[in-house]
2 protein chains.
Amino acid sequence: MEKNSYTIGEVAKMFNLSVSTLRYYDQEGLIPNLNKDASGHRKFNSENIDAIEIIECLKEVNMPLKDIKLFIKWNLEGDITLSNRLSLFINLDKTLKKRLERLEEISRIVDYKKEYYSQAVRDGTEKFVSKNKVSLLEIKNDRRIPKEK
Amino acid sequence: MEKNSYTIGEVAKMFNLSVSTLRYYDQEGLIPNLNKDASGHRKFNSENIDAIEIIECLKEVNMPLKDIKLFIKWNLEGDITLSNRLSLFINLDKTLKKRLERLEEISRIVDYKKEYYSQAVRDGTEKFVSKNKVSLLEIKNDRRIPKEK
DNA sequence: ATAGGACTTAAAGTTAACTTTAGGTCAAGA
DNA sequence: TCTTGACCTAAAGTTAACTTTAAGTCCTAT
């Protein structure tokens, strides 16, 4: 049998969040329709858990909580906000793709740095490796030239 | 002829940072060997610009400034800190790869959401599309089961 | 010579996203 | 029965990473 409601402590473990963070989200209105049981304890149903999943997702793409709040509000407002929500995800997709590219670039830089320091550690010194050291700027040098006025 | 020193304003434009952020980094000791000209204005040379490049890079992988500071300190301390620096990049590589995977997953979710809302906007309502709506939880459901104690 | 613009410092202020504290309720087990 | 642990609220505190403010210097162009 499927469990259909969870305590705040269970949800905290599920998402690896603290109990007080969940209370804070609730307080901020990020978890719509979150009910309480007879003794005032929060009862999280699957809708509430979906909301937290979305929050965590949007947090990971650096969306501030106030924007996440707006998205959640749009959801509650129904069909009139559909185009808002569509453009939110279109924009998100763009920034996400840029971020992915940049992180892949950084990943290459980190790979290089790993090799660089591996050799240096083997040698016991940076001296020998530093001659052919490629600086980060040589790997990516599109930022060097200041915009002319 | 290559320019070999830049003003704070030029560097700010280069990296799309504010002038006060650069002063803050300097104050925090993140830019070693940053000199000033006769009238007390900061003169950024290529070593200083390299440092900022690294800072920006490490910031983008969510490294806090205090850790970046430590890395910069290690650099100044020379060969005795080589293994520290190696393990820093080994760890960075691991977390970076995890992040990349997670972002790709989120990218798929966002793609789905774009399609979802595209259809909804075409229909003028979420009603028809919501029947076969795949929740985020169905796309990724490895967080559902709370850890048993 | 004076006004504007880019620079300087030191210190105070801001913002987001929590986290902690203080004091209280409630249910279960020894 | 009484203590332990999980929950509750409201409010204050924390931290990072800037940003702003206030007061001043220096150079250039009108």
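Counting only residues 5 or more places away or on other chains, whose amide H sits under 5 Å from the amide H of A:Lys43 once H atoms are built in the peptide plane?
Residues meeting the amide H criterion: A:Asn35, A:Lys36, A:Asp37.
How many nm is it between the label spots at B:Ser39 and B:Glu115, if each spot is 7 Å from the Cα in line with the beta carbon?
Taking the two extended label points, one gets 6.2 nm.
If the chain between B:Asn91 and B:Glu77 were fully stretched, how many nm would it gain, using 0.36 nm times the residue separation less the Cα-Cα distance?
Extra length from B:Asn91 to B:Glu77 when fully extended: 3.0 nm.
At what distance in nm do the modelled label points of A:Glu56 and A:Lys127 sit from each other, each positioned 7 Å from its Cα along Cα→Cβ?
It is 5.1 nm.
Would you mind listing the distances between the B:Tyr24 label point and the same position in each other copy? Use 7 Å along Cα-to-C-beta, nm, one decimal, shortest first.
1.9
Write down the radius of gyration of region A:1-77 and its Dmax, each obtained from C-alpha positions, in Å.
12.2, 37
Ignoring everything except DSSP H segments at least 4 long, calculate the 222 nm mean residue ellipticity for chain A; use -39,500 (n - 2.57) per segment, divide by total residues, nearest 500.
About -20500 deg cm²/dmol.
What distance in nm separates the two pseudo spin-label positions at B:Thr21 and A:Glu28, each 7 Å out from Cα along the beta-carbon direction?
Placing both labels 7 Å along Cα→Cβ, they lie 2.2 nm apart.
What size of dipole, in debye to the nearest 20, comes out for the protein assembly as shown about its Cα centre when the only charges are +1 on Lys and Arg C-beta atoms and -1 on Asp and Glu C-beta atoms?
Dipole about the Cα centre, nearest 20: 240 debye.
For peptide B:113-123, how many partner chain Cβ atoms fall within 10 Å of a residue's Cβ, on average?
5
Which FRET efficiency, nearest 0.05, do B:Glu47 and B:Lys98 yield, Cβ-Cβ r, R0 45 Å? Let's see the in-between values first.
Values: r = 32 Å, r/R0 = 0.72.
So the FRET efficiency works out to roughly 0.90.
How large is ³J(HN,Hα), in whole Hz, for each residue of region A:28-34 in order, when computed from phi with the Karplus curve 6.51 cos²θ - 1.76 cosθ + 1.60 and θ = phi - 60°, using x for Gly and Pro?
7, x, 8, 10, x, 6, 8
Ignoring GluC sites (Glu not before Pro) that are buried or in helix or strand per DSSP, and keeping those with at most 13 other beta carbon atoms within 10 Å, what is the longest stretch of chain A between them? Each step should come with its number before you reach the end.
Values: sites that count: A:Glu2, A:Glu148.
Within chain A, the longest run free of exposed GluC sites (Glu not before Pro) spans A:3-147.
Looking at B:Ala12, B:Ala51, B:Trp74, which one has the Cα that reaches farthest to the positive end of the dipole of region B:1-77 (charges on Cβ: Lys, Arg +1; Asp, Glu -1)?
Working it through, the farthest residue towards the positive pole turns out to be B:Ala12.
Can you compute 3J(HN,Hα) from phi for each residue in region B:49-56, using the Karplus curve 6.51 cos²θ - 1.76 cosθ + 1.60 with θ = phi - 60°, rounded to whole Hz and x for Gly and Pro?
These are the phi-based 3J(HN,Hα) values: 5, 4, 4, 5, 4, 5, 4, 4 Hz.
Hey, fewest Cβ within 10 Å first, where do B:Val61, B:Val11, A:Val110 land in order? Please report the intermediate quantities before stating the final value.
Working: B:Val61 16, B:Val11 20, A:Val110 24.
With the fewest neighbours first, B:Val61, B:Val11, A:Val110 line up as B:Val61, B:Val11, A:Val110.
Work out from phi, with θ = phi - 60° and the Karplus expression 6.51 cos²θ - 1.76 cosθ + 1.60, the ³J(HN,Hα) of each residue of region B:99-115, listed in order in whole Hz, and give x for Gly and Pro.
4, 4, 4, 4, 5, 5, 5, 4, 4, 5, 4, 5, 4, 4, 4, 4, 4
A short reminder: the numbers here are calculations on the coordinates, not readings from a lab. Treat the numbers as computed from the prediction; the structure is a model and nothing was measured. Please note: Cβ atoms are built from the backbone with ideal geometry, for glycine as well, and neighbour counts cover all protein chains shown.
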